[in-house]
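The values are calculated or read from the model by the stated rules, or taken from the named source; none is laboratory data. Just so we're clear, the structure is a prediction, and the values are computed from it rather than from any experiment. Counting neighbours? That spans all protein chains shown, and the Cβs are built from the backbone with ideal geometry, glycine included. Note: areas computed on protein heavy atoms with side chains; ligands, DNA, RNA excluded. Shrake-Rupley method; radii C 1.70, N 1.55, O 1.52, S 1.80 Å.
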Amino acid sequence: MVDEAAAATLCSICWEEASETCGRSIVRLQCSHLFHLDCIGSAFNVTGIMQCPNCREVENGVWMRFEINDNDEITDEDEWPDDNLPDM
């Protein structure tokens, strides 16, 4: 009998389950390693290169990175209403 917990694929960035049923978008890199889309996206943004954190293979393609300029200011119209924020 196979232990399903042991057989689960984990995202090596956050160490949570990375499967079709985990409720998050999953990405398989060309090297076959699996990650959550938000996890690998953050890793690509931090390093500035599309490189697998496991095997260091560089992905072919272009990673779209969005940066905030100093000229981009938040106005009152852009602020989130306080009633939608969770209590801390």
Practice problem: Provide a single number: the residues in the range 16-32 that are open to solvent by less than 90 Å² (accessible area, probe 1.4 Å) and over 10 Å from the mean Cα position of the chain (by Cα). | Solution: 8
Practice problem: Could you figure out which of (1) at pLDDT 90 or above; (2) exposed (fewer than 10 other Cβ atoms within 10 Å of the Cβ); (3) of a type in the set (F, W, Y) isn't true of F35? | Solution: (2)
